[in-house]
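Report on one structure; see the data block that follows.
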Amino acid sequence: MFEFNPDENFWPSQSTKRAWMYTHKTVRTFAAVPLPGLFATTTFIWRILGVIGIFILESIATYYSYWQGVNITAIIGSIVVDFVLAVLSHLPWQQKICECKNKLVYEEDVTAKKTARRLSRYKMLQRFLYLFIVCSAFFKFYWFYSVYGIPNTTSGLIFTCYMIGAMLHCSCTGYAIFTIIFELQISKEHTAYIESEAKEFAYDSSNPLRIDLGDREFKALEVGNHKIVMETKERAGGGGTEKRYWLETLGVLTDKELSEFISRQDTREQKRDLAVKGVEHQMAILDVEPTAKKTI
């Protein structure tokens, strides 16, 4: 998996950061605030192993079906359709699902209700395509059983292979394929950054992105190229000074870095507020293009 180097000012394009949303995330909870994940990829090895498992299971079932006289063209065609459906169930719904989940962390009232309804609709559309994958497994077994016609351990094995394969398609195929696409895309831009000597796909180190954390006291600290800073200013009307805390970031604030910021705070209130503000800041980072960008 790609790792950012804190000694580089590499800044991937908006399209690449949005491609990151298609990869698998693991929910992290801080002070009762569930963070669904944005700039992270988890369980990739398990997703790849799941895809390998699909090939093994489908091969076993197809082998038995072929030797029983089942039309092999129909079986292979349905296998191809399963992969197509697995990709279509991920594109474009997974990106929209990820975006909605993250927005729900910091949105409130009417806006949050609208986002929740959109999230529910996107999940329903995705599951609708998953249903076709499951139906395809039933059809493949039907084609086998219409020729074989004996309810024994062999027919049970074929049914199990096709059904587990369908479940693995729903949970693994889309994530595995789109993680590979993302890794190729970000590696290509990083190569352009290196070859241009940091003139392409770079951010301006003198111009960090900032989000106001309010007047609650936070522990000022640095994680990678990012930091929490305190500023003081005069109160209106000459009533003394007030403290304001800011989260300043250079480049992408990854989920791992945000988690470290949160976990190193002292109180539950600090962790909760920083979790909410941190996700809001990540969503702002999502749509910022690099200062210097090259189309590749």
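Brief remarks on what is shown
- Tally, over the range 188-199, of residues that are in a loop (DSSP other than H, G, I, E, B) and not basic (Lys, Arg): 3
- Out of SER136, SER171, sole residue that is under 24 Å from SER89 (Cα atoms), modelled with pLDDT of 95 or more and among the polar types (S, T, N, Q): SER171
- Restricting the range 56-115 to residues that are among the charged types (D, E, K, R) and part of a loop (DSSP other than H, G, I, E, B), the residue that is surrounded by the most Cβ atoms within 10 Å (Cβ to Cβ) is GLU107.
- Hey, VAL51 in contact with a Ser or Thr (Cβ under 7 Å, 6 or more places away or on another chain) and modelled with pLDDT of 95 or more or not: yes
- Selected residue (only one of SER187, SER155 is among the polar types (S, T, N, Q) and modelled with pLDDT of 95 or more): SER187
- Among the residues of the range 247-284, those identified as in contact with a Lys or Arg (Cβ under 8 Å, 6 or more places away or on another chain) and either acidic (Asp, Glu) or surrounded by fewer than 19 Cβ atoms within 10 Å (Cβ to Cβ) (or both) are GLU248, ASP255, SER259, SER263, ARG264, ASP266, GLU269, ASP273, MET283.
Residue by residue, here is whether (1) of a type in the set (Ser, Thr, Tyr); (2) part of a strand (DSSP E or B); (3) at pLDDT 95 or above; (4) on the phi < 0 side of the Ramachandran plot holds:
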site: SER206; (1), (2), (3), (4): yes, no, no, yes
site: LEU213; (1), (2), (3), (4): no, yes, no, yes
site: ARG216; (1), (2), (3), (4): no, no, no, yes
site: ALA220; (1), (2), (3), (4): no, no, no, yes
site: VAL229; (1), (2), (3), (4): no, yes, no, yes
site: LYS233; (1), (2), (3), (4): no, yes, no, yes
site: ALA236; (1), (2), (3), (4): no, no, no, yes
site: GLY239; (1), (2), (3), (4): no, no, no, yes
site: LYS243; (1), (2), (3), (4): no, yes, no, yes
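- Answer residue from the range 116-131, given it is within 19 Å of VAL80 (Cα to Cα) and surrounded by 15 or more Cβ atoms within 10 Å (Cβ to Cβ) and is nearest to the chain's Cα centre (by Cα) among those: GLN126
- Restricting attention to the range 172-206 and to residues that are over 23 Å from the mean Cα position of the chain (by Cα) and without any contact (Cβ under 8 Å) to a residue 40 or more places away in the chain, the residue that is surrounded by the most Cβ atoms within 10 Å (Cβ to Cβ) turns out to be ILE194.
- Single match in ILE75, ILE56, ILE45 (criterion: out of contact with any His (no Cβ under 6 Å at 6 or more places or on another chain) and more than 26 Å from PHE128 (Cα to Cα)): ILE45
- Among the candidates GLN265, GLN270, GLN185, GLN282, the residue that is part of a helix (DSSP H, G or I), of a type in the set (S, T, N, Q) and over 30 Å from ILE48 (Cα atoms) is uniquely GLN270.
- Residue ID - nearest to LYS96 (Cα to Cα), chosen from residues in the range 14-42 that are in contact (Cβ under 8 Å) with a residue 60 or more places away in the chain and of a type in the set (Ser, Thr, Tyr): TYR22
- Hits in the range 1-41 - residues which are among the polar types (S, T, N, Q) and in contact with a Phe, Trp or Tyr (Cβ under 8 Å, 6 or more places away or on another chain): ASN9, SER13, THR16, THR23, THR41
- Any hit, the range 154-162, residues being free of Cβ contacts under 8 Å to residues at least 60 places away in the same chain, exposed (fewer than 13 other Cβ atoms within 10 Å of the Cβ) and either in contact with a Gly (Cβ under 9 Å, 6 or more places away or on another chain) or in a helix (DSSP H, G or I) (or both): yes
- Every residue from the range 1-27 that is touching a strand residue (DSSP E or B) at 6+ places or on another chain (Cβ under 7 Å) and surrounded by fewer than 19 Cβ atoms within 10 Å (Cβ to Cβ): VAL27
The values are calculated or read from the model by the stated rules, or taken from the named source; none is laboratory data. On a predicted model such as this, the values are computed, not experimentally measured, just so you know. All Cβ positions, glycine included, derive from the backbone under ideal geometry; neighbour counts span all protein chains shown.
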